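Asker: Before I ask anything, let me first share the structure, which is written out below as C-alpha cells.
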Amino acid sequence: MEFATHSSPKSFATEYGKRDFRSGVHHVMELHLAGKSDAAFWCDQSSTTEIESCEQIIDLALTRALDDLSKQLGGSPQSWTWGKAHIAISEHRPMSKVSWLKRHFEVSRPMPGDGFTINVGFMDFSNSHNPYTVTKAASMRAIYDLADLDKSQFIYQTGQSGWINNRNYSSYANTWAKHEYLPLTMNPSSISHTSVLKPDPNRVVEPIKKKPENRAPDKRR
C-alpha cells in the first residue's frame, strides 16, 4: 500500500497531476513482472533527460515507503500492523467539526481491507496527517436468510444508542471492525430478555395541591 502510494506520483504525477493512480500502478507492475515492454513507457520520467527503468522507480518508491512507515509506526517493522495506520473513523455530525469535541464523539477502530478488497475501506491520500484513515466503508452489514429470516444477522459501525453517555454508544464497533455479526431476529417472541415495571409499594405519593388561579378579577360594567 505504502509502496503503491509512493510509486504513483513518481510514475504519473508529472504527466497528469496529483491524483490517486494506485490502480494504474498495479497494472504497470503486472506488465513489468510479465516482462512486457509497455511498462517501460510508464516508468520513465519525461521531466528528466535520463531514461528511468521500472527497477529504479521500484527501488525509490520502496525506500520512501520504508522511511514514511518508520516515522509513523516506529523503527521495528516486526511490530507494524495494517490496523495501526488503517483507522476507520465514524464521524459525528456536527461535533466532528469542533476540534476540542470531536475525540469525545467520534468512534474509531482499526480495520482490515482497502479500496480493492471486498471488505472495502477507502482512504484519502491527500490527508497529510494519516493518508490511510478510512473515509468510506460499509456503515451497516446484513445477511438475510430468506429460508429462515429469524437466522438473519447484522452489524452497525457504532452502537445501539445515539446518546454519547450511554454504554451502548459504541457497543457494536469492535464487532463491526472484526467483521462479525449479531443476530437479527424477526420473531419478537424469541426475545428472552424482558423488562417488567412494578410500582414501589413503600412509596407514598403526596396529593397534588392545586394552586390558586392567578387571574385578574372580572371588571364590573
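Asker: Any residue at all in segment 42-59 that is without any contact (Cβ under 8 Å) to a residue 12 or more places away in the chain and either closer than 30 Å to ILE164 by Cβ or of a type in the set (A, V, I, L, M) (or both)?
Answerer: Initially, segment 42-59 is screened for residues without any contact (Cβ under 8 Å) to a residue 12 or more places away in the chain, giving 44, 48-52, 55, 59.
The next check asks that each one be either closer than 30 Å to ILE164 by Cβ or of a type in the set (A, V, I, L, M) (or both); those that pass are 51.
Scanning segment 42-59, I find at least one residue that is without any contact (Cβ under 8 Å) to a residue 12 or more places away in the chain and either closer than 30 Å to ILE164 by Cβ or of a type in the set (A, V, I, L, M) (or both), so the answer is yes.
Asker: Does THR81 satisfy the criteria of being touching a residue at least 24 places away in the same chain (Cβ under 8 Å) and out of contact with any Phe, Trp or Tyr (no Cβ under 9 Å at 6 or more places or on another chain)?
Answerer: Details: touching a residue at least 24 places away in the same chain (Cβ under 8 Å): yes; out of contact with any Phe, Trp or Tyr (no Cβ under 9 Å at 6 or more places or on another chain): yes.
For THR81, the condition - touching a residue at least 24 places away in the same chain (Cβ under 8 Å) and out of contact with any Phe, Trp or Tyr (no Cβ under 9 Å at 6 or more places or on another chain) - is met.
Asker: Within segment 15-118, which helices (runs of 4 or more DSSP H) (wholly inside it) include 3 or more residues that are not hydrophobic (A, V, I, L, M, F, W, C)?
Answerer: Numbers: elements: 22-33, 38-43, 54-73, 82-85, 102-105.
Because the criterion is at least 3 residues that are not hydrophobic (A, V, I, L, M, F, W, C), the helices (runs of 4 or more DSSP H) in segment 15-118 that meet it are 22-33, 54-73, 102-105.
Asker: Turning to a different aspect of this structure: Return the residue satisfying two criteria in turn: it lies in segment 129-171 and is over 17 Å from SER108 (Cβ atoms) and of a type in the set (Phe, Trp, Tyr), and of such residues it is nearest to the chain's Cα centre (by Cα).
Answerer: Within segment 129-171, the match that is nearest to the chain's Cα centre (by Cα) is PHE154.
Asker: If you check SER99 against the conditions, is it assigned by TED's automatic domain parsing to the domain that holds GLY162 and surrounded by 15 or more Cβ atoms within 10 Å (Cβ to Cβ)?
Answerer: Values: assigned by TED's automatic domain parsing to the domain that holds GLY162: yes; surrounded by 15 or more Cβ atoms within 10 Å (Cβ to Cβ): no.
For SER99, the condition - assigned by TED's automatic domain parsing to the domain that holds GLY162 and surrounded by 15 or more Cβ atoms within 10 Å (Cβ to Cβ) - is not met.
Asker: Any residue at all in segment 168-181 that's closer than 30 Å to LEU73 by Cβ, touching a helix residue (DSSP H, G or I) at 6+ places or on another chain (Cβ under 8 Å), hydroxyl-bearing (Ser, Thr, Tyr) and part of a loop (DSSP other than H, G, I, E, B)?
Answerer: Restricting attention to segment 168-181, the residues satisfying the condition of being closer than 30 Å to LEU73 by Cβ are 169-180.
Checking the rest, the ones that are also touching a helix residue (DSSP H, G or I) at 6+ places or on another chain (Cβ under 8 Å) come to none.
The answer is no; no qualifying residue exists.
The values are calculated or read from the model by the stated rules, or taken from the named source; none is laboratory data. Note that the structure is predicted; figures quoted are calculated from it, not measured. Reconstructed Cβ throughout: ideal geometry from the backbone, glycine too, with neighbour counts over all protein chains shown.
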